[in-house]
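Every number in this text was worked out from the coordinates using simple rules, so none of it is lab data. Note that the structure is predicted; figures quoted are calculated from it, not measured. We place every Cβ from the backbone using ideal geometry, glycine too, and count neighbours over all the protein chains shown.
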Amino acid sequence: MQITRPSRFYIALLAIAAAASLTPAPVFAKDLNMCIDPRFAKQGELKIFMHMMVVAAQNAGHTLNLTPMNWEECQETVRGGKFDGAVPASFNADRSEYMVYPQDAGKNPDSKWSLARINYVVVTPTGTNYQYTGDPKTIPQPVMLPEGYSIVSDLAKIAPSLQIKEMGSDDKTNLVRLLRGEKGSVVMMDRYADVLLERTMFKNKLKATSRGVVSKTYFMPFSRTSGLTNEQIQKIWDQISLIKNDAKWMKTQMDALD
């Protein structure tokens, strides 16, 4: 029987389909959707770490979409499975129940897979002449901190007698309270303080101590329901390690702040 041209074409398609069934399907990188602490999405040095996460994910074959969100809400949303991670985040036992961290998180404050180790300083009105000398019991009270951050428990651990008030969703609102004459102080990340205290409303009215009270190490953890394999996650963390040790990349980021 003679095979017509359409029949030959049909047989060719069958052959291609059969061959394709023997070839492993290509693995497409998963888009990542994470919520981010708003402090790291604003202008200033902290924004470098947001860029670092985006580039690390890109180098590992992923597109990272970041949604700034109230930190307490961000963590609860990740716990509920909506996002692939709450970033950047320091390590604690509660977060590790629903997010995956590098193996040495919680043990090594200088983990090579961390984004950064950041100091927390004391901010007071300029007229107080307060300087932190190493004794947390001397920090002007009450200590005002935004809600949902683990720095609250960190301070309570090193100075149980400190009067701590969790108020507002951002350090800025507590700085405004100091401007209005409320007693106490604000303990916040030094790099965030550098940004806010240069703004007209705060400049020369509030000041940060030169010495830090505590330091915290920040990571890019992933939700346990993200769908990524351990190998894919580790690949992103390895990229973070490479990027933060790339002096040229870091200099470019710092120069862009000027």
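A few remarks follow.
- When each of LEU228, LEU115, LEU242 is scored by the number of other beta-carbon atoms lying within 10 Å, the sequence from fewest to most is LEU242, LEU228, LEU115.
- When the Gaussian network model of the chain links Cα atoms closer than 10 Å, the mean-square fluctuations of GLY227, GLY85, GLY212 top out at GLY227.
- Derived scalar couplings ³J(HN,Hα) [the range 115-128; Karplus, 6.51 cos²θ - 1.76 cosθ + 1.60; whole Hz; x for Gly, Pro]: 7, 5, 10, 10, 7, 10, 10, 9, 10, 9, x, 4, x, 7
- Assuming charge only on the beta carbon of Lys and Arg (+1) and of Asp and Glu (-1), the dipole of the range 116-215 about its Cα centre is about 260 debye to the nearest 20.
- Seen from all directions on average, the range 153-258 presents a Cα convex hull projection of 10.2 nm².
- Of the cross-linked pairs LYS42/LYS107; LYS42/LYS157; LYS42/LYS251; LYS137/LYS165, those separated by over 22 Å at the C-alpha level are LYS42/LYS107; LYS42/LYS157.
- Taking the Cα centre of the chain as origin and assigning +1 to Lys and Arg Cβ atoms and -1 to Asp and Glu Cβ atoms, the resulting dipole is close to 300 debye.
- Share of Cα-Cα pairs in the chain lying beyond 25 Å, as whole percent: 52 percent
- The range 116-215 - Debye-derived log10 I(q)/I(0), Cα point model, q = 0.19, 0.23 Å⁻¹: -0.86, -1.34
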